[in-house]
Structure formats: structure tokens, C-alpha cells
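A short worksheet on the structure shown next.
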Amino acid sequence: MASQDWFDKDFYKVLEVSKDVTPADLKKQYRKLARQFHPDSNPGDAAAEAKFKEISEAHSVLADPEQRKEYDQIRAMGSGARFTAGGQGQGGGFEDVFGGMFGGGRGGGGANTSYSYQQGGFDDLLGGMFGGSQPGFGQPSGGFRGYGGPTRGRDVAARTTVDFLTATKGDTIKLQTSEGKTITVKIPAGVSDGQKIKLRGKGEASPDGGEAGDIVLTIAVRKHPIFERDGLNLRVNVPVTFVEATLGATIEVPTLGGEPVKLRVGAGTPSGRVLRVKGRGVDTPKGTGDLLAVVQVAVPSHLSPEARDALEAFHALEPQENPRAELLAKAHE
């Protein structure tokens, strides 16, 4: 259940998006802001860290369809919605606001759900929903007065950062909750940056003996200095010398967490050609990717006089072809 501060927090404004933003655009904007304010990109910057936490909280709510729906309803109530105890045919009533949250409907539209609340009336109800002291929804009286059983504990949003190898190969890690409790989390092989893992029953305890909530854990993956993900494949740039690319050579290529493998570079290999090593990518239950070695021809920055003379002699003997001729011709099509 949402906390009371949802009334005051404009998550759409935090993420700099409109209220009708699509899930895809929301995710794109979140990743942009997360990269900008991530603590790893702003070491020692308390303001950036606070902003990162703020956008993470906003995204954890808006990215979940159910939480986003509930948040929009809560914000609508906080922006001046009117509540009356009116019966059928009266607009803006109690059932209008909460019908969508609890499955009820108005008039002849669907099930006409009624709710009983006593003592302090409507204030008691809101107090129970949002942590108030009066008995009501979420209190030890057995949930909403006369409706349903024990209350489920609240879900908790959390984040953790793992290294590239852990995200790719999978591992079991230990995390500490805000209450100081240590929990064990299994990181599946192939988890991607921004992916969420639900830890069932690890959230807040129920106040009246019901089911505990979940922890929704968002995974951030640190970048690797040479490898990057391409779906289930791993991509790495591999420098080769001009002579190796021209005449051909057998080279060593690094693998993630393993020994290097040998690859044959064919004679006349251009820069940018991709050499594939089968089965050395991300290994998941859904499939196994490959290692993609992208050839990058390294140009020497310093030449001895003898090497320069030899290169000029080669230039005099090489085919007199303009490698940009086709490019220039296509530019006028």
C-alpha cells in the first residue's frame, strides 16, 4: 500500500515526464537520469546521490502498472477530490474514488460494494490506510472493517549494484535490509541493468498476522572495461596490427572469466569485421550467446626511419586503388 507522502511527491515531475508517458519512454528517461546521477558517476556528491535515490523511488512506482494506478488515484484525491457519503446517483462519492482500487463499481455498472466505517468516519478510514492511529484498513482489527481478512504487508523497493561478471554468470549475494537483517539473494545469469527481482515475503510484515510483503529489488550493473552485452552475446574490440590484418595471423582473444581463446584473422581482414566464438557469451536457461570479437586495425603512431622507408616502398608497389571511390560515387545518387 502506498505511503502518505505520495500526496506530496510528484513522481512525474521528478522523472521529467508527462502523466501519459508510455512505459517504454518512462524506462528510457529513467535510464538517462540514472546514468547522469548514479553515485559511481558522481563520487562524493551528496546532492547527486539524493537525486539518484529520488528518481529510483519514482521509477519503482511508475514502472509498476498496479502501483502507478494506485499512485494516480491517491494523487487525484490529494489534488482536491470531493468525498460524500451520497448514495446511488450522486457523483464524487466515496465509492467513486475507491471503486477502482478495490474492484467495486457504482450504480448498475458492476458490483455495488459498500463499506462500513465508524467512530471518526472518513478520517478514521484514511488514518488506517496511511498509518494513522485509529483502527481501520491495515490495523490489527483484521483489515478493512468488516471486509476481507488479515492485511498483507507492504512491498519495499530496494536497489543493489553488481559487477559485470556477477550479472553475466549469476551468483548468490547477501544484502542487509534497513532493519539490519541479512538476506540471501540469487542473482540469475544474464540479469540486465535495471532489471527487477521480486523477493517474496521479504518485505514489511503484516500488522495483523497476514502475509508479508515483497522486496522489489532493482539491479544496477557496473560497466566492464572491455566487454559489453549485446543480447546474449558478449562484444569485445580486439586490436590487430596492420601487418596481421593484411597478411593474416592467429591471435589471442580474452574471454569473460576464463582463459583466452585463439582466433584466425584472415588475410585482408578490414577494421570492423566481427569474428565469432560460439558458446562463449552469456549462458542462461533460455539460451547461450557467443563472443563477438570486433577487429580494430591499430595504426602505429611512431615509425623508425627504416620502417617509414619500407612503408613508402610498399605504397609504391600496392594497387593504385582509391578505397573511397565507391563512397564518393554513392554520395551523388
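Assorted remarks:
- Restricting attention to the stretch 189-227, the residues being touching a strand residue (DSSP E or B) at 6+ places or on another chain (Cβ under 9 Å), touching a residue at least 40 places away in the same chain (Cβ under 8 Å) and of a type in the set (A, V, I, L, M, F, W, C) number 8.
- Number of the condition not met by Ala293 [criteria: (1) part of a loop (DSSP other than H, G, I, E, B); (2) surrounded by 12 or more Cβ atoms within 10 Å (Cβ to Cβ)]: (1)
- Taking the stretch 147-220 as the region of interest, the strands (runs of 3 or more DSSP E) fully inside it that hold 2 or more residues being exposed (fewer than 13 other Cβ atoms within 10 Å of the Cβ) are 171-176, 182-187.
- So Lys286, is it at pLDDT below 90 and within 30 Å of Asp163 (Cα to Cα): yes
- Here Glu321, Glu306, Glu326 are screened, and the one residue that is modelled with pLDDT under 90, assigned by TED's automatic domain parsing to the domain that holds Leu256 and part of a helix (DSSP H, G or I) is Glu326.
- Close Cβ contacts (under 6 Å, 6 or more residues apart or on different chains) running from residues in the stretch 252-276 that are on the phi > 0 side of the Ramachandran plot to residues that are of a type in the set (A, V, I, L, M) comprise Gly257/Leu165.
- Within the stretch 223-275, tally of residues that are touching a Phe, Trp or Tyr at 6+ places or on another chain (Cβ under 6 Å) and either closer than 20 Å to Ile187 by Cβ or charged (D, E, K, R) (or both): 3
- Of all residues making up the stretch 36-50, the number that are in a loop (DSSP other than H, G, I, E, B) and surrounded by 13 or more Cβ atoms within 10 Å (Cβ to Cβ): 4
- Total residues in the stretch 286-309 satisfying the condition of being out of contact with any Leu (no Cβ under 9 Å at 6 or more places or on another chain) and either touching a residue at least 12 places away in the same chain (Cβ under 8 Å) or of a type in the set (A, V, I, L, M, F, W, C) (or both): the figure is 6.
Rundown of residues vs (1) in contact with a Gly (Cβ under 8 Å, 6 or more places away or on another chain); (2) closer than 15 Å to Val282 by Cα; (3) surrounded by 13 or more Cβ atoms within 10 Å (Cβ to Cβ), yes/no style:
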position	(1), (2), (3)
Arg229	no, yes, yes
Leu232	yes, yes, yes
Val240	no, no, yes
Thr246	yes, no, yes
Ile251	no, no, yes
Val261	no, no, yes
Arg264	yes, no, no
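- A Cβ distance below 8 Å, combined with a sequence gap of six or more or placement on separate chains, defines the contacts here; from the stretch 228-247, residues that are farther than 16 Å from Lys278 by Cβ reach residues that are in a strand (DSSP E or B) and of a type in the set (D, E, K, R) in the pairs Glu228/Arg235; Arg229/Arg235.
The values are calculated or read from the model by the stated rules, or taken from the named source; none is laboratory data. The shown structure was predicted, so the numbers you read here are calculated from the model rather than taken from an experiment. Virtual Cβ from ideal backbone geometry, glycine too; neighbours counted across all protein chains shown.
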